[in-house]
Amino acid sequence: MKYPKKSHYLRFRKKDRYTSYVLDYRGGSLYEMDICCARFLRSLNGCRDPYKNTKGLTEEEAETALEHFEKLGFLDDGIRFRITGPGSFTWTLVTPKENRRIRALARCWNRFLLLLWLPLLAFGLQVLLSGDFPFVDLGWGTIPGAVTGLVLGLSLHEFSHACACLSYGGVWLEAGISLFTFIPGAYVLISSHGVKGRFRRIQISAAGPEANMALAGLFLLLLKAGLFDSLVLVCAAFINIITGIVNLSLADGLDGMEIFSELLGAGDLPSRAGRILRDPRAREKLKKRGLNGKATLAGLRMIRALQIILPLLIIMEAASIIGFFTG
């Protein structure tokens with residue numbers, strides 16, 4: 001039998017002895033709630049009969065509270081597959097539980113990336129360029145390398161975003177697979193709203209590409225072992241290098257744009273760039289600021305150009321890779 005379950009988008013914070021805050025990350029709302037109601041809501045895990053443990057509420061109060069929770073959207077609707085647009089969907093596979101152990105593991109992984117992504121990549125490239133490794137040909141071809149590199153790279157990329165967010169006090173809400181304009185991928189839903197410090201917010205965005213570069217270096221270092229097909233390892237490594245570089249570009253929705261926006265201290269930079277470039281008065285104001293204003297205007301135009309060019313380059317690159325594998 002299915003029992004009511006609280007939404008995984010909710011987080012709780014105690015205000016005082018009698019009141020608790022309830023944060024709804026899906027709706028972006030903050031509610032104040034009686035402490036007994038908050039405890040009752042928090043106890044709804046979908047496995048227990050809510051009327052057998054009402055956390056200080058009478059049965060009638062519990063029934064009223066459940067009706068109120070449902071109206072506010074505080075209960076899990078059970079929907080994991082959502083169509084988000086033409087040729088796009090998200091399919092939630094994981095709704096993680098946050099505790100001290102999870103956050104400790106997240107901090108360890110984030111520190112590992114900060115310290116070792118660059119040495120791993122550098123040593124891996126040195127092994128490849130020196131040619132000082134046994135070439136192993138098991139006849140697997142390039143397809144296993146591309147698939148292995150892509151699956152591990154996408155998974156580790158998103159996992160690293162989540163770990164960086166958790167390690168700095170952010171929230172990890174869910175993870176799963178996605179399709180964006182017919183391009184498959186993975187995703188994590190995180191919130192860095194409470195993360196203080198520009199460097200920390202930059203690292204949350206940079207952790208994904210760092211993971212790709214670290215994984216690429218590891219694949220190349222494995223060439224030394226002589227235990228795996230060399231072509232598979234090289235292909236997997238370069239898939240991750242390309243993925244990391246593409247994600248660092250200044251296109252809307254990619255990690256590079258998030259990092260660039262944080263460096264400039266400007267949120268939602270692509271939309272702001274579009275508004276400024278469409279407004280003749282705003283453009284004239286920037287031109288009057290001299291060299292600094294003209295440089296800003298050139299940067300905004302570059303951002304808008306990349307938003308158009310990069311998707312085309314990705315499509316062309318994907319077509320060439322498919323042609324290489326099938327040709």
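Read-outs: derived from the displayed coordinates by stated rules, not from any lab. Fair warning: this is a prediction, and the values are worked out from it, not measured in the lab. Don't worry about glycine lacking a Cβ; one is built from the backbone with ideal geometry, like all the others, and counts go over all protein chains shown.
The angle separating the long axis of helix 269-278 from the principal Cα axis of greatest extent in the chain is about 80 degrees. Mark the label point 7 Å from the Cα of SER191 along Cα→Cβ and return the residues of the range 17-39 whose backbone N is within less than 11 Å of it. Hits in the range 17-39 for SER191 at 11 Å: 22-31. Most tightly packed first, judged by the mean number of other beta-carbon atoms within 10 Å of their residues, the peptides 20-31, 78-89, 155-166 read 155-166, 20-31, 78-89.
What net charge do the residues around SER7 carry, taking every other residue with its C-beta under 9 Å from that of SER7, with Lys and Arg at +1 and Asp and Glu at -1?
0
Between LEU263 and LYS5, the simple spin-label model (points 7 angstrom out along Cα→Cβ) gives 4.3 nm.
What is the sum of charges, Lys and Arg at +1 and Asp and Glu at -1, for the other residues whose Cβ falls under 11 Å from the Cβ of ILE177? That works out to 0. Per-residue ellipticity at 222 nm computed for the chain from its helices equals -19000 deg cm²/dmol, with DSSP H segments shorter than 4 residues left out and the rest contributing -39,500 (n - 2.57). Across the chain, Cα pairs under 8 Å and at least six residues apart give a relative contact order of 15 percent. Under the simplified labelling scheme, the GLU63-ILE83 pair shows an inter-label distance of 3.9 nm, with each label point 7 Å from Cα along Cα→Cβ.
What is the distance in Å between the Cα centroid of the range 225-255 and that of the range 117-190? One Cα centre to the other: 7 Å. Determine the sum of side-chain charges near ILE79: Lys and Arg each +1, Asp and Glu each -1, restricted to other residues whose C-beta is under 13 angstrom from that of ILE79. With Lys, Arg at +1 and Asp, Glu at -1, the net is +1.
The angle separating the long axis of helix 255-264 from the principal Cα axis of greatest extent in the chain is about 80 degrees.
Which pairs break 32 Å Cα to Cα here: LYS14/LYS196; LYS55/LYS196; LYS196/LYS224; LYS15/LYS196; LYS14/LYS71? Correct reply: LYS55/LYS196; LYS196/LYS224. Relative to the longest principal axis of the Cα atoms of the chain, the long axis of helix 198-221 makes an angle of roughly 50 degrees.
By the gyration tensor of its Cα atoms, with a ≥ b ≥ c the square roots of the eigenvalues, what is the shape of the chain: rounded for a/c under 1.5, prolate for a/b over b/c, or oblate?
It is oblate, given that a/c is not under 1.5 and a/b is not larger than b/c.
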